[in-house]
Amino acid sequence: MNINYWLKSSYVENIELIVIDKYISQDRHGTDRFIVFNSNYGRLTNRVKRKKYESFSIGDKYKANVHKGFFEGYFLTEPLK
């Protein structure tokens with residue numbers, strides 16, 4: 001259970017995200033793909049599936065609706081398109 005997620009704010013904020021990096025991390029459990037965004041709130045990192053990873057390019061801009069986590073970070077209200 002992720003307490004940070006379950007206790008997140010109910011208030012929805014609209015923020016702009018800009019892709020500044022993307023990377024692949026491998027360990028003995030498998031491969032994870034991450035997209036790193038810059039926003040007014042600092043850097044945000046989002047794990048994505050392989051097919052979605054290929055659709056992101058450095059410099060892409062997105063508008064996103066998010067909930068602020070109880071302790072830290074933000075959670076998307078819906079996947080980026």
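Bear in mind these aren't lab numbers, they're just calculated from the coordinates by the rules spelled out. Note that the structure is a prediction, hence the values are computed from the model and not measured. Quick reminder, even Gly has a Cβ in these numbers, built from the backbone with ideal geometry, and neighbours come from all protein chains shown.
For segment 1-75, trypsin sites (Lys or Arg not before Pro) are listed when DSSP marks them as loop and at most 14 other Cβ atoms sit within 10 Å of their Cβ; the list is Arg28, Lys49.
A DSSP coil position with no more than 14 other Cβ atoms inside 10 Å describes the following chymotrypsin sites (Phe, Trp or Tyr not before Pro) in segment 47-81: Phe70, Phe71. Close amide H partners of Asp21, meaning residues 5 or more places away or on another chain with modelled amide H under 5 Å apart, are Val36. Computed from the Kirkwood radius of its Cα pairs, the Stokes-Einstein diffusion coefficient for segment 3-76 at 10 °C and 1.306 mPa s stands at 120 µm²/s.
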